[in-house]
Amino acid sequence: TRDRSFEFAIGDSSSIEQIDRHIEEHLGPVETVLHEIVSDLVHVDVHVVAPTPERESYSLVTSGMSDRPMATPRDANHLKYAELMICLPADWPLEFNGMRNEDNYWPIRALKLLARFPHEYNTWVCSGHTVTNGNPPAAFSANTNMCCTLIGRPLRAPSAFQRLKIDDEKTINFYSLFPIYYEEM
């Protein structure tokens with residue numbers, strides 16, 4: 001269970017701008033940003049990059065998770081800042097009416113929940129970690145039996161996308177979410 005109460009958060013505009021430029025430099029133009037209205041602990045927005053002939057999927061990337069450091073072990077201090085991404089098929093219904101259906105919205109919900117997860121529970125995530133959707137694990141939506149997430153390197157992005165140096169104290173690591181079945185976990 002969570003051991004802290006709601007804590008209103010406003011995004012770090014300087015970091016958001018740097019993340020947005022980083023996304024555009026390595027993935028392509030940001031088509032839209034799904035803004036949070038009210039945020040707890042960190043302000044998590046989702047930047048949407050449309051498919052291109054070179055990258056035939058949507059790329060959805062968070063900003064805001066890295067506004068706070070994660071509780072990494074001492075030997076993993078260089079991993080304490082992170083953002084997440086997920087790739088969705090080019091025909092995924094990301095327009096307003098499509099996202100009103102949980103069968104279409106669940107990947108965005110997973111991004112937002114996992115971006116907030118380390119800050120809610122005083123932990124950390126990085127490549128190779130797995131996270132269940134509840135305990136016991138529940139399917140992400142009615143149209144899938146996937147109920148867990150593998151966190152890994154962003155395979156559909158150039159290697160230069162994986163890290164963004166903000167300043168001497170802060171380097172953001174970018175990870176991809178890979179929804180998986182319980183049996184795969």
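The values are calculated or read from the model by the stated rules, or taken from the named source; none is laboratory data. Please read all numbers here as calculations on a predicted model, not as lab measurements. As a convention, Cβ positions derive from the backbone with ideal geometry for all residues, glycine included, and neighbour counts pool all protein chains shown. SASA here: full protein model, heavy atoms, side chains in, ligands and nucleic acids out. Shrake-Rupley method; radii C 1.70, N 1.55, O 1.52, S 1.80 Å.
Summary of computed values
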item	result
Table column - 3J(HN,Hα) (Hz), segment 167-184, Karplus curve with 6.51, -1.76, 1.60, x for Gly and Pro	7, 5, 9, 9, 10, 8, 9, 9, 10, 9, 9, 10, x, 9, 7, 4, 4, 6
ALA71-SER127 FRET efficiency (beta carbon distance; Förster radius 22 Å; 0.05 resolution)	0.85
Solvent-accessible area, 1.4 Å probe, carbon plus sulfur percent, for the chain	49 percent
Per-residue [θ]222 nm for the chain (sum of -39500 (n - 2.57) over DSSP H runs n ≥ 4, rounded to 500)	-6500 deg cm²/dmol
Rounded accessible area of TYR81 (nearest 10 Å², 1.4 Å probe)	40 Å²
GLU120 accessible area, 1.4 Å probe, all protein chains in place, Å² to nearest 10	30 Å²
FRET efficiency estimate (nearest 0.05) - Cβ-Cβ, THR32 to GLU184, R0 25 angstrom	0.20
Lys/Arg +1, Asp/Glu -1 at C-beta; the chain dipole; positive extreme among TYR58, ALA160, PRO137	PRO137
Dipole magnitude of segment 59-119 about its Cα centre (Cβ charges: Lys, Arg +1; Asp, Glu -1), debye to nearest 20	340 debye
Only Lys, Arg (+1) and Asp, Glu (-1) charged, at Cβ; the chain dipole about Cα centre in debye	440 debye
The chain, relative contact order in percent, only Cα pairs under 8 angstrom and at least six apart counted	20 percent
Under the Karplus curve 6.51 cos²θ - 1.76 cosθ + 1.60, θ = phi - 60°, whole-Hz ³J(HN,Hα) for segment 50-57, x wherever Gly or Pro sits	6, x, 10, x, 7, 10, 7, 8
GLU24-ARG153 pseudo-label distance in nm [points 7 Å out on the Cα-to-Cβ vector]	2.8 nm
In sequence order, calculated HN-Hα J values of segment 153-163 (Karplus, 6.51, -1.76, 1.60; Hz; x Gly/Pro)	5, x, 5, 9, 9, x, 4, 5, 6, 5, 9
Cα→Cβ-extended label distance, 7 Å offset, between ASN97 and SER13, nm	3.6 nm
Cβ charges +1 (Lys, Arg) and -1 (Asp, Glu), total dipole of segment 1-108, debye	400 debye
Accessible area of SER141 in the full protein assembly, 1.4 Å probe (Å², nearest 10)	10 Å²
Reference-scaled alpha-carbon Rg (2.2 N^0.38 Å with N residues) for segment 64-185	1.10
Heavy-atom surface of segment 60-185, accessible at 1.4 Å and reported per residue (Å²)	51 Å²
Amide H contacts of GLU31 (H built 1.01 Å from N, under 5 Å, at least 5 apart or other chain)	VAL48, VAL49, ALA50
